[in-house]
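Structure first, commentary second.
The values are calculated or read from the model by the stated rules, or taken from the named source; none is laboratory data. Computed from a predicted model, the values in this text were never measured in an experiment. Accessible surface is based on the protein model in full, side chains and every heavy atom, while ligands, DNA and RNA are left aside. Shrake-Rupley method; radii C 1.70, N 1.55, O 1.52, S 1.80 Å.
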Amino acid sequence: MSSEVLIPKMTRIDKKKRRVKIPLINFVVVIFCTLLIIASTFININLKHYIIPMDLFTNKNLSMDNFIFCIPFIPQVPIVMFICSVLGRKMALTSVLLYLIIGLFFVPVFALGGGIKYFGEYGFGYILAYIPALLIAGRLLDKYSFLDMIKATLAGVFTIHICGIFYMLFVALIKQAGSMFILGWITAQSGLKIIYDLIASFVLILIGKYLHEGLKFILK
C-alpha cells in the first residue's frame with residue numbers, strides 16, 4: 001500500500017481520536033447542578049439577629065421587634081461554590097454557563113426575570129462573576145487541604161461580590177442613580193451577606209470535598 005493511501009487513512013483515525021466524547025453521567029450531573037443553581041435563586045431564608053436598638057436609652061417605648069434585625073439570604077453564591085467543590089472548575093463552569101444561556105435566551109430563571117435586557121439589571125454582575133470565581137476557586141481546590149478550602153472560599157466569595165459591586169456601579173452610572181441609592185444597594189447586597197456567604201460557602205465546600213471523592217470514580 002502506497003504512502004499516499006496511508007496518510008489520509010491515518011489522518012481520519014487521528015480525527016476520530018480527537019473527537020470529544022461527553023459521558024452521559026457527566027451530562028446528567030451538569031444538568032442537575034444547573035437546576036440546583038436555578039432552585040437556589042428562589043430560596044429566600046430570613047436570618048434574624050438580636051441587636052441593641054439605638055432608642056434603648058431614650059424614653060421611646062420598645063417592643064421585642066426593635067431588638068430583632070432580619071436579613072433575607074439567598075444561598076446562590078454558596079451553592080455555586082459547592083458545585084465548584086463537587087465537580088471541579090471545568091464542569092462547574094459548564095453548569096454555570098448553561099445557567100446563563102438558559103436565563104438570557106430561553107427561560108427567565110434569574111431572580112428578576114431573564115432575557116438579554118437582564119444585562120441592564122444592577123445585580124447581573126454577581127451572576128457574571130461566577131465565571132472568574134469558579135476559575136480562581138477551582139484552581140485553589142486542586143488538593144482540597146483545609147488551607148486551600150479557606151483560600152478558595154475567600155477568593156470565590158470576594159471575587160463575586162467585588163465584581164458584582166463594580167458592575168452595579170457601571171449600570172448606576174449609565175442610569176444616573178443617586179449616591180444614596182448606590183450606598184443602600186451595596187449595603188443590602190454586599191453588607192452582612194458577605195459574612196453569610198463566606199460561612200455557608202466554606203461549609204458547602206467542605207461537604208463538596210467528600211462528594212467529589214465519591215464522584216471522581218464515576219465521572220470521566
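Quick notes on this structure:
- Separation of alpha-carbon centers, the stretch 187-220 and the stretch 157-186, rounded to whole Å: 25 Å
- Rolling a 1.4 angstrom probe over the stretch 137-194 with all protein chains present gives an accessible area of which 73% lies on carbon and sulfur atoms.
- Accessible solvent surface per residue of the stretch 116-220, calculated while the other protein chains remain in place, 1.4 angstrom probe, Å²: 56 Å²
- Checking the cross-link pairs LYS90/LYS193; LYS48/LYS193; LYS143/LYS209; LYS117/LYS175 against a 21 Å limit on the alpha carbon distance flags LYS90/LYS193 as lying beyond it.
- Principal axes of the stretch 103-154: Cα extent on each, largest first, Å: 40, 20, 14
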